[in-house]
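Student: Below: one structure in structure tokens.
The values are calculated or read from the model by the stated rules, or taken from the named source; none is laboratory data. All of these numbers come straight from a predicted model, not from anything done at the bench. So basically every Cβ, Gly included, is an ideal-geometry build from the backbone, and we count neighbours across all protein chains shown.
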Amino acid sequence: MGAHSGLKRAPLVLGAADGLTLILGLTAGLARMPHALVHAAVSGGLAELVGMSAAVWLSDAKGGFLVALGCGIATLAACVIPVLPYVFTGGWEALSASLVLVCLVGAAVSWLRPERGWLAVAETYGVLLAAAVLCFAASLI
């Protein structure tokens, strides 16, 4: 892939990484309230759809609106996909399935990154682990 395709992937990586860190925070704080978690994820994802699209569109005049919208959609998807298990079940089953979905979206982020291989995987999951630990610690307050 050429450098140009890497530039189009960057907003997708940005949006998905942002959405994953947001949903990790929401899950840590609201895992015991699945109804609230689903509403917070959808509301947060929709707000992020607008916010991240606007941020990319307003900060990169050459990127274009569709590239910016791609970032927003990636953010929304990364926020909502991991909470889908909470729509159907709760407890440890939902949490386990949600974490699997986080890992799958994280794998997609790693694959989309311009870096390839273990470095991309280690950095992506390192960021997600840091976000999860910080959000879990905040949930104990």
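Student: Return the pair list, or none, for Cβ contacts closer than 6 Å from residues in the range 99-127 that are under 15 Å from L14 (Cα atoms) to residues that are outside any helix (DSSP H, G or I) and at pLDDT below 95, at least 6 apart or on different chains.
Tutor: Qualifying pairs under 6 Å: A120/R113.
Student: Scan G25, G44, G63 and give me the residue that is over 20 Å from A131 (Cα atoms) and either modelled with pLDDT of 90 or more or out of contact with any Ser or Thr (no Cβ under 7 Å at 6 or more places or on another chain) (or both).
Tutor: G63
Student: Is there a residue in the range 39-50 that is outside any helix (DSSP H, G or I) and without any contact (Cβ under 8 Å) to a residue 40 or more places away in the chain?
Tutor: Looking through the range 39-50, none of the residues is outside any helix (DSSP H, G or I) and without any contact (Cβ under 8 Å) to a residue 40 or more places away in the chain.
Student: Restricting attention to the range 101-122, which residues are over 14 Å from A16 (Cβ atoms) and assigned to a helix (DSSP H, G or I)?
Tutor: If the condition is that a residue be over 14 Å from A16 (Cβ atoms) and assigned to a helix (DSSP H, G or I), then W118, L119, V121, A122 are the ones that fit.
Student: Here's another thing I want to ask about it. Just to be sure before I move on: is L26 part of a helix (DSSP H, G or I), farther than 25 Å from I141 by Cα and either touching a residue at least 12 places away in the same chain (Cβ under 8 Å) or within 15 Å of the chain's Cα centre (by Cα) (or both) in the structure I sent?
Tutor: So L26 fails the test.
Student: Could you tell me which residue of the range 68-108 is surrounded by the fewest Cβ atoms within 10 Å (Cβ to Cβ), considering only residues that are hydroxyl-bearing (S, T, Y) and either closer than 20 Å to Y125 by Cα or under 16 Å from the mean Cα position of the chain (by Cα) (or both)?
Tutor: S96
Student: Report whether or not G72 is in a helix (DSSP H, G or I), in contact with a Gly (Cβ under 7 Å, 6 or more places away or on another chain) and of a type outside the set (S, T, Y).
Tutor: So G72 fits the description; yes.
Student: Just to be sure before I move on: is A36 assigned to a helix (DSSP H, G or I), under 23 Å from A108 (Cα atoms) and modelled with pLDDT of 90 or more in the structure I sent? Reasoning before the result, please.
Tutor: On the way: assigned to a helix (DSSP H, G or I): yes; under 23 Å from A108 (Cα atoms): no; modelled with pLDDT of 90 or more: yes.
Considered against the rule, which asks whether it is assigned to a helix (DSSP H, G or I), under 23 Å from A108 (Cα atoms) and modelled with pLDDT of 90 or more, A36 comes out as no.
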